[in-house]
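What follows is one structure encoded as structure tokens, with my remarks underneath.
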Amino acid sequence: MAWRGRFEEALRESERARQLDPLSLIIATDNGAILYYSRQYDRAIAQFGAVREMDSQFWRAGLMVFAYAQKGMFAEALKELEAKNPGPL
């Protein structure tokens, strides 16, 4: 639904999936992605942050970088990238 621009429906279905499996990292991250694609960047960042709290190494939560960039929060985006790639960029 999100790929068709039906974000409200996608979010409803995503919330239902989260109710059924509240510990699913992929469902929680997909919820963040729907928020990102619907341009709800603050909510997306919060959702990706919640995923990170569940599992700091879950790679898909790295989508947070794109939400930071869309908001012009480049220092935060860079910090996020450096945390995941401690070597030279």
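The values are calculated or read from the model by the stated rules, or taken from the named source; none is laboratory data. Given the structure is predicted, the values throughout are model-derived calculations rather than measurements. Neighbour counts run over all protein chains shown; Cβ positions are idealised from the backbone, glycine included. The accessibility values were calculated without ligands, DNA or RNA, using every heavy atom of the protein model including side chains. Shrake-Rupley method; radii C 1.70, N 1.55, O 1.52, S 1.80 Å.
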Problem set entry | Residue count, the range 1-37 (criterion: in contact with a Ser or Thr (Cβ under 6 Å, 6 or more places away or on another chain) and farther than 20 Å from E53 by Cβ) | 1
Exercise. Are there any pairs with C-beta distances below 9 angstrom linking a residue in the range 20-36 that is open to solvent by less than 10 Å² (accessible area, probe 1.4 Å) to a residue that is part of a loop (DSSP other than H, G, I, E, B), with the two at least 6 apart or on different chains, and if so which?
Worked result: A28/P22; A28/F58; T29/F58
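Quick check on A77: is it closer than 20 Å to G5 by Cα, in contact with a helix residue (DSSP H, G or I) (Cβ under 8 Å, 6 or more places away or on another chain), small (G, A, S) and open to solvent by less than 90 Å² (accessible area, probe 1.4 Å)?
Working: closer than 20 Å to G5 by Cα: no; in contact with a helix residue (DSSP H, G or I) (Cβ under 8 Å, 6 or more places away or on another chain): yes; small (G, A, S): yes; open to solvent by less than 90 Å² (accessible area, probe 1.4 Å): yes.
Judged against the criteria, A77 is not a match.
Find the residue count for the range 1-19, including only residues that are of a type in the set (G, A, S) and open to solvent by 100 Å² or more (accessible area, probe 1.4 Å). Walk me through it before giving the result.
Kept after step one, since they are of a type in the set (G, A, S), are these residues of the range 1-19: 2, 5, 10, 14, 17.
Within this subset, residues satisfying the condition of being open to solvent by 100 Å² or more (accessible area, probe 1.4 Å) are none.
Selection size over the range 1-19: 0.
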